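Take a look at the structure below.
What follows is calculated from the coordinates using simple rules that are stated; it is not laboratory data. All figures in this text were calculated on a predicted structure; none of them were measured in a lab. Neighbour counts run over all protein chains shown; Cβ positions are idealised from the backbone, glycine included.
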């Protein structure tokens, strides 16, 4: 994910502080950003240096002053260039799949237990996403099209989790079947 373009996109929606942007990215179900807080602030400073965003220090009565960022016309131009560029394909590599690839080193019970824990984690994530979708989330909906696209993005994430959950269950069932056939002498 391009953190700079995610930030420009957020600022195209509304002016915000670095904290608000960081929280939005960290809490989103569609963003695959797993960076640290410094990335947001460093990127904001860079975008400001490049003239893509403005920054205004806002004094607050009971809190420290905060910096509010807003997108400039040149920032909109940069965002539009990125929006029409070739989309990246989804990342299909999975740390769990790498872990499972070397599962031959585990005993039958250990690998079945590993798949069971992964299945429960997927179920939990899916329940969380469904609940967030049910509650609705803060996000731009400047038009019916934008609201529709954000809803479809949420649905894509849930579909990916559902597919992985189905695959995990089928893998566990296949291992049970393989064990049954091996024990009964039906081959390896």
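Distance between the pseudo-spin-label points of residue 160 and residue 89 (7 Å out from Cα toward the beta carbon): 1.5 nm. Extension gain for residue 173-residue 76 works out to 29.9 nm (0.36 nm per residue, less the C-alpha to C-alpha distance). Relative to the longest principal Cα axis of the chain, at what angle does helix 18-27 sit, 0 to 90 degrees, rounded to 10? So the helix axis and the longest Cα principal axis differ by about 20 degrees.
The coefficient of translational diffusion for the chain, derived via Stokes-Einstein from the alpha carbon Kirkwood radius under 25 °C and 0.890 mPa s, stands at 123 µm²/s. At the listed q of 0.13, 0.16, 0.24 Å⁻¹, the Debye profile of the stretch 20-129, built from one uniform point per Cα, gives log10 I(q)/I(0) equal to -0.78, -0.95, -1.40. At a Förster distance of 30 Å, what's the computed FRET efficiency of residue 137 paired with residue 101, Cβ-Cβ distance as r, to 0.05? The calculated FRET efficiency here is 0.30. When every Cα-Cα distance of the stretch 3-83 is counted in 10 angstrom steps from zero, the calculated P(r) takes the values 19, 52, 26, 3, 0 percent. Over the chain, dividing the summed -39,500 (n - 2.57) contributions of all DSSP H runs of at least 4 residues by the number of residues returns a 222 nm mean residue ellipticity of -21500 deg cm²/dmol.
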